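Trainee: Got a structure for you, written out below as structure tokens; questions coming shortly.
No lab work stands behind these numbers, since they all come straight from the coordinates. All of these numbers come straight from a predicted model, not from anything done at the bench. Heads up, the Cβs are rebuilt from the backbone with ideal geometry, glycines too, and the neighbour counts pull from every protein chain shown.
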Amino acid sequence: MAKRDKTPDPNEVLATIDPHPIRRVFTTGVVGLLGLLLVYVAAATPPADPGWLLFLIVMGVGALYLSWRVWMATGVTLELTRSSLREAGGRILFTHDEVDSVDRSVFAFKPAGGFLVRLKAPTTRGRVYAPALWYRSGRRVAVGGATAGSQAKPVADLIRIILAEQRGELPRRG
């Protein structure tokens, strides 16, 4: 009988966060509709002041661009592994070694239905904003928005468990 290797695979996917399709369409649609409405108002009934016309056009085009960014960002699945939280394409949000705490409380400055991760030190991976899915800035990584809380909550809890295992607060399984 072969011995079973007790070293867990660091790239094993433990949980995933998929943006909910209805939230994805709704978020993209609302922002895109705002952009179309602003551009329409600028074209159909342009204000007399060129400053306001420019404002309407810039805000409309900006909202359309944000709508496109939301659609592209929410097309990605987030994967929790034993070593990190990453996008399915391979971009790492953070590794578990970098994490100081995970916060899902009501008063945490986090996206809807998501969680906030505080890092031990400012990240060297740079700022990233994937609208309606996640963002990273300085010592904070926030996940949520178009995601369902029923997927984000278990991921946050699993991160806490992994951290407790790494810090020796829980006995290792195996």
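Trainee: Quick one: grab the alpha carbon gyration tensor of the range 54-155, order the square roots of its eigenvalues as a ≥ b ≥ c, and give me rounded if a/c is under 1.5, else prolate or oblate depending on whether a/b is larger than b/c.
Mentor: prolate
Trainee: What does the chain give for Rg and for Dmax, in Å, if only its C-alpha atoms count?
Mentor: 20.4, 85
Trainee: Counting helices only, and only those DSSP H runs with n ≥ 4, report the 222 nm mean residue ellipticity of the chain as the sum of -39,500 (n - 2.57) divided by its residues, in deg cm²/dmol to the nearest 500.
Mentor: About -13000 deg cm²/dmol.
Trainee: Right, here's the next one. How high is the relative contact order of the chain, in percent, with contacts defined as C-alpha pairs under 8 Å that are six or more residues apart? Could the numbers behind the result be given before it?
Mentor: Values: 291 pairs, mean separation 38.8, N = 174.
Relative contact order of the chain: 22 percent.
Trainee: Springs between alpha-carbon pairs under 10 angstrom, Gaussian network model over the chain: which of Leu66, Leu53, Leu85 fluctuates most?
Mentor: Largest GNM mean-square fluctuation: Leu53.
Trainee: If each residue of separation counts as 0.36 nm, what is the full-extension length gain between Ile92 and Thr16 once their alpha-carbon separation is subtracted?
Mentor: Full extension from Ile92 to Thr16 adds 26.0 nm.
Trainee: Once fully extended, how much extra length lies between Arg118 and Arg139, figured as 0.36 nm per residue of separation less the alpha-carbon to alpha-carbon distance?
Mentor: Numbers: separation 21, 0.36 × 21 = 7.56 nm, distance 0.56 nm.
The Arg118-Arg139 span can extend by a further 7.0 nm.
Trainee: Please work out the ratio of the alpha-carbon Rg of the range 83-123 to 2.2 N^0.38 Å and round it to two decimals.
Mentor: 1.23
Trainee: Please report, in whole Å, how far the alpha carbons of the range 98-147 spread along each principal axis, starting with the longest.
Mentor: On the principal axes, the range 98-147 reaches 26, 21, 12 Å in Cα extent.
Trainee: Placing +1 on the Cβ of each Lys and Arg and -1 on the Cβ of each Asp and Glu in the chain, which of Leu56, Ala152, Val102 has its Cα farthest towards the positive end of the resulting dipole?
Mentor: Val102
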